[in-house]
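Following: one structure in structure tokens, then a few remarks.
The values are calculated or read from the model by the stated rules, or taken from the named source; none is laboratory data. This structure is a prediction, so every number in the text was calculated from the model and none was measured. Quick reminder, even Gly has a Cβ in these numbers, built from the backbone with ideal geometry, and neighbours come from all protein chains shown.
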Amino acid sequence: MIQAVSFEGRRKELKKNRYLLCLLLCGFMLYFAVPRLSILAEGLEGIFAISWLAFALIVIAGNLTALLYSPKKAVKRRQQLPNNKKSRSYY
């Protein structure tokens, strides 16, 4: 049981790290691509530039949403036994 809980916590940390890594990589690609993309160009070049920037925006929005709105650590509450019942354990 303890291993399952620690594995779940580790898994959430890995997801957060992955989202952050994807955001950084997307920012890195935008840093190099934006000066080379010509949005005002005619034909396929302009369509490609606009669609590439739109997809980059979708990637950033998705990763930010996943990073910011991920569920926080749930606090486990210990189930309390009712006062009128006695706890018995059989070994």
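Quick rundown of the values:
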{"read-out": "Any hit, the range 28-42, residues being loosely packed, with under 14 Cβ neighbours inside 10 Å, closer than 21 Å to LYS12 by Cβ and under 19 Å from the mean Cα position of the chain (by Cα)", "value": "no"}
{"read-out": "Every pair of residues 6+ apart whose Cβ atoms lie under 6 Å, when the first sits in the range 63-78 and is of a type in the set (A, V, I, L, M) while the second is in a helix (DSSP H, G or I) and modelled with pLDDT of 90 or more", "value": "ALA66/TYR19; LEU67/TYR19"}
